[in-house]
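Working notes, structure below.
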Amino acid sequence: MLWTDEMNREFIKRFFPDFLLQYDSYEKNIQRVDAVRYFILYKIGGVFIDMDFECLKNIEPLISDCDSVFGLEPREHCEQFRKNKIICNAFMATKPENDFFKTICSILPSYTWKNEESYIKNILSTAGPFALTDIYNNYERKEEIKLLSSNFIYPLTVNESRRAINDDIDDSIQEKIDDAYAVHYFLGSWH
């Protein structure tokens, strides 16, 4: 299902009315888009995949026998932002009413815009991957969550994905693509 902005807001209004004020108060639409995906997955479960993914293999082996699954971004992204890890929210899978997603939904309103940070860091920290990673780091039952190595679904860095889009693929990039189940191209319209 492709969720529109109108569908997203109606979903929050109907099922999570206590979050609607926070949802409407986000300065940028991408924050609403990032936030609503956690609530949708908590309520109905399933797999969420951003539109800028290219699926290469059946993902069933990655998500079977798990309550929730996320993927880690490439090490180079962690180095760029001085993070130990970044759990990306562009691919997520869960069963309905999963406890970790419940925790995300209950804690997310406390992640607010900080004027001293850069635009991109603020977006990532309020409802995006930085917020998700922080919530995971503070979650006690991490053994219930499967974190996929970046080589499975985030094999390319932002720069490598731009090269792949432009058909500038060397052997190193091709090898990463060949070993992956999917490729995320990091084509956000908000940055």
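The values are calculated or read from the model by the stated rules, or taken from the named source; none is laboratory data. As the structure is a computational prediction, the values presented were derived from the model and not from experiment. Using ideal geometry, Cβ is built from the backbone for each residue, glycine included, and neighbour counts are taken over all protein chains shown. Remember, those area values only see protein heavy atoms, side chains included, never the ligands or the DNA or RNA. Shrake-Rupley method; radii C 1.70, N 1.55, O 1.52, S 1.80 Å.
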TODO: Quickly work out the Lys121-to-Ile44 label distance, labels modelled 7 Å from Cα along the C-beta direction, and quote it in nm with one decimal.
DONE: 3.7
Open item on the list: Two decimals, Cα atoms only, Kirkwood Rh: what is Rg/Rh over the stretch 100-191?
Closed with: 1.05
Task: Restricting the stretch 108-171 to trypsin sites (Lys or Arg not before Pro) in coil, as DSSP defines it, with at most 15 other Cβ within 10 Å - done: Lys114, Arg141
Task: Segments 16-28, 173-185, 53-65 sorted - mean Cβ within 10 Å per residue, highest first - done: 173-185, 16-28, 53-65
- [ ] With only Lys, Arg, Asp and Glu charged, each at its Cβ (+1 for the first two, -1 for the last two), find how big the charge dipole of the stretch 102-191 is about the Cα centre; round to the nearest 20 debye.
- [x] 520
Task: Cα-projected label distance for Leu2 with Asp99, points at 7 Å along beta-carbon direction, nm - done: 3.8
Open item on the list: Give the lysines whose C-alpha is closer than 23 Å to that of Lys102, dropping any in the same chain fewer than 8 places away, or say none.
Closed with: Lys13, Lys43, Lys85, Lys142, Lys146
TODO: Report the relative contact order of the chain, percent, no decimals, based on alpha-carbon pairs under 8 angstrom and at least 6 residues apart.
DONE: 26
Open item on the list: Need one number: nm distance between label points at Asn138 and Leu20, each 7 Å from Cα along Cα→Cβ, rounded to one decimal.
Closed with: 2.7
Task: Fraction of antiparallel bridges per DSSP, the chain only, in percent to nearest 5 - done: 75
Task: Estimated 222 nm signal from helices in the chain, with DSSP H stretches of n ≥ 4 weighted -39500 (n - 2.57), rounded to 500 - done: -13000 deg cm²/dmol
Task: 1.4 Å probe accessible area per residue over the chain, in Å² - done: 54
Task: Carbon plus sulfur fraction of accessible area for the chain, probe 1.4 Å, in percent - done: 48
